[in-house]
Amino acid sequence: MAGKFELYKGSSGDFRFRLKAGNGEIIATSEGYTTKAAAQNGIASVKNNADSPTVDLT
C-alpha cells in the first residue's frame, strides 16, 4: 500500500496534515495552518518537492 496524506483539525482548531507510510507509521507532520486551503497547499508543496535531490549536510 502506498503512503497517504491525512488532513485534520488540530486540538487548537488549526488545520494540519501528516504523511503516513504504507504500514501506517507517521513519517512527517506539518505545522498548523489557519485555513484548510493553506494546509492543502502545504500538501501540494511536499508532493512537488518530494523529487528534489537529497543534500547530505553531515
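Here are a few things to note about the model shown:
- Selected from S45, S12, S30 as most flexible by GNM, with the chain as the system and alpha-carbon contacts under 10 Å: S12
- Convex hull of alpha carbon positions in the chain: directionally averaged projected area 5.2 nm².
- For the listed peptides 51-58, 37-44, a ranking on the average number of other beta carbons within 10 Å per residue, highest first, reads 37-44, 51-58.
- Partners for K20 among aspartates and glutamates (Cα-Cα distance below 12 Å; same-chain residues under 8 apart left out): E6
A short reminder: the numbers here are calculations on the coordinates, not readings from a lab. For clarity, every value in this text was computed on a predicted model and none was experimentally measured. Every residue, glycine as well, gets a Cβ built from its backbone with ideal geometry; the counts of neighbours run over all protein chains shown.
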